[in-house]
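The values are calculated or read from the model by the stated rules, or taken from the named source; none is laboratory data. These figures come from a predicted structure and were not determined experimentally. Counting neighbours? That spans all protein chains shown, and the Cβs are built from the backbone with ideal geometry, glycine included.
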């Protein structure tokens, strides 16, 4: 496909029993995204009627909508990789189902990357995540006051980018060229996290920087990913996968004392 015929973004939304969030998430995208885009929903074996809601969204959408259905939960990395494989856009956007986007969100994320080709991964500010992306307190009532609050938040921050070492994977914009160079998410990480840390490190090792688009704010309900799962046990497993993958690289670059101090990562 010629670059000129691609939509600005392929918005990939992974869902697993997220029916109650999907309608509002899709409505916020429709309301606040005038740029050309396609929606790709990857349903990870939902049992709560989410697929009916996805068909309703597709039937009422003026933009291209594709639904990929899995019989079982393939989790974050594998599910999003299915969406990436189907994507046609100039940019790949990975967006959680339990989010609400706000005015100017896609333009702000895409412009952040476009203005500086060294930026290979972009995320927004939010109310619920970890690290430097969290705005606290975010003084609005959701959903009624979100849009007006986000407009006020964005004012005075237009075009500003904040470099960070990593970005939480609830909302990423990745230029297609970066995906082609870095590759897709590592499916060795099952449920339990660390796949986003892993991808951020890979992007940085490929020579790119990570940034928060300071004029973009997205509401994140959060806390949905590990319902009915043994979260801490899964996180320990994925931490070991992460350590085994990167321990050799760390040892080559750090003094021995620093490596010994970090051995507890394997615990």
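A few comments on the model shown:
- Selection within segment 117-137 - outside any strand (DSSP E or B), free of Cβ contacts under 8 Å to residues at least 60 places away in the same chain and in contact with a strand residue (DSSP E or B) (Cβ under 9 Å, 6 or more places away or on another chain): 117, 131
- Taken together, the residues in segment 154-176 that are out of contact with any strand residue (DSSP E or B) (no Cβ under 6 Å at 6 or more places or on another chain) and either surrounded by 13 or more Cβ atoms within 10 Å (Cβ to Cβ) or under 17 Å from residue 200 (Cβ atoms) (or both) amount to 5.
- Boolean, residue 88 is out of contact with any helix residue (DSSP H, G or I) (no Cβ under 6 Å at 6 or more places or on another chain), farther than 28 Å from residue 187 by Cα and at pLDDT 95 or above: no
- For segment 190-235, a residue qualifies if it is under 21 Å from residue 18 (Cβ atoms), assigned to a loop (DSSP other than H, G, I, E, B) and at pLDDT 90 or above, and exactly one does: 221.
- Selected residue [without any contact (Cβ under 8 Å) to a residue 12 or more places away in the chain, assigned by TED's automatic domain parsing to the domain that holds residue 187 and either in a strand (DSSP E or B) or over 23 Å from residue 180 (Cβ atoms) (or both)] from 63, 31, 23: 31
Residues checked against (1) touching a residue at least 24 places away in the same chain (Cβ under 8 Å); (2) over 14 Å from the mean Cα position of the chain (by Cα); (3) in a loop (DSSP other than H, G, I, E, B); (4) closer than 22 Å to residue 127 by Cβ:
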residue: 41; (1), (2), (3), (4): yes, no, no, no
residue: 48; (1), (2), (3), (4): yes, yes, yes, no
residue: 53; (1), (2), (3), (4): yes, yes, no, no
residue: 73; (1), (2), (3), (4): yes, yes, yes, no
residue: 93; (1), (2), (3), (4): yes, no, no, yes
residue: 107; (1), (2), (3), (4): yes, yes, no, yes
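- None of 206, 177 is under 25 Å from residue 82 (Cα atoms) and without any contact (Cβ under 8 Å) to a residue 12 or more places away in the chain except 177.
- One residue stands out among those in segment 7-20 that are in contact with a strand residue (DSSP E or B) (Cβ under 8 Å, 6 or more places away or on another chain) and assigned to a loop (DSSP other than H, G, I, E, B): the one that is nearest to residue 104 (Cα to Cα), which is 8.
- Residue match in segment 32-44 (condition: more than 23 Å from residue 102 (Cα to Cα) and out of contact with any strand residue (DSSP E or B) (no Cβ under 6 Å at 6 or more places or on another chain)): no
- Looking across 63, 114, 118, 107, one residue alone is under 14 Å from residue 26 (Cα atoms) and at pLDDT 95 or above. It is 63.
- Screening 126, 102 for residues that are within 13 Å of the chain's Cα centre (by Cα) and either at pLDDT 95 or above or closer than 23 Å to residue 235 by Cα (or both) leaves exactly one candidate, 126.
- Pairs, first in the same structural domain as residue 250 (by TED's automatic domain parsing) in segment 183-202, second surrounded by fewer than 19 Cβ atoms within 10 Å (Cβ to Cβ), C-beta under 7 Å, six or more apart: none
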